[in-house]
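Heads up, the thing below is written out as structure tokens.
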Amino acid sequence: MRRRNTGFARRALSMTPLIDIIFLLLLFFMLTSTFTKFAEVPLITAGKTRTEPATPKNPVFLRVAADGLSVNGDPTDFADITQAIRNAKTDLPETLVLLSIEETVPAQLFVDALTRSRAVPDVSVVVLR
């Protein structure tokens, strides 16, 4: 007995399920993503910078760590950063805040500490590595 070779007839591939899946994925990603505006935070890091004329500056050391925050070694609440920097200012014309961040500190806490430090007038902030 011989078998007949009928051949395999391929059906045309339907694109409808593929388009449905693409629209569902598009809808999913549109609904789950957040559309927030990212702000730029200008940084001045310690290290080699351009040379400027030396003006006397009052240094204030701000340390942000996982266990808390300190200004010139004194533990401080996060809400009191600006007041602690104002209290540490002297009669010198400008105050230089040296901001030290531990690696385990979240980025949002770093940005908040930076913006609160810059809120004090006549203060320049330098981020230490």
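The values are calculated or read from the model by the stated rules, or taken from the named source; none is laboratory data. A quick note: this is a predicted structure, and the numbers were derived from the prediction, not measured. Note that we place each Cβ from the backbone using ideal geometry, even for glycine, and neighbour counts take in every protein chain shown.
Structure summary
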{"read-out": "Criterion violated by Ser117 - all others in (1) in contact with a helix residue (DSSP H, G or I) (Cβ under 8 Å, 6 or more places away or on another chain); (2) at pLDDT below 85 satisfied", "value": "(2)"}
{"read-out": "Residue among Leu98, Leu69 that is in contact with a Lys or Arg (Cβ under 8 Å, 6 or more places away or on another chain) and not β-branched (Val, Ile, Thr)", "value": "Leu69"}
{"read-out": "Elements of type strands (runs of 3 or more DSSP E) in segment 68-129, at least 3 residues being within 19 Å of Lys57 (Cβ to Cβ)", "value": "94-101, 123-128"}
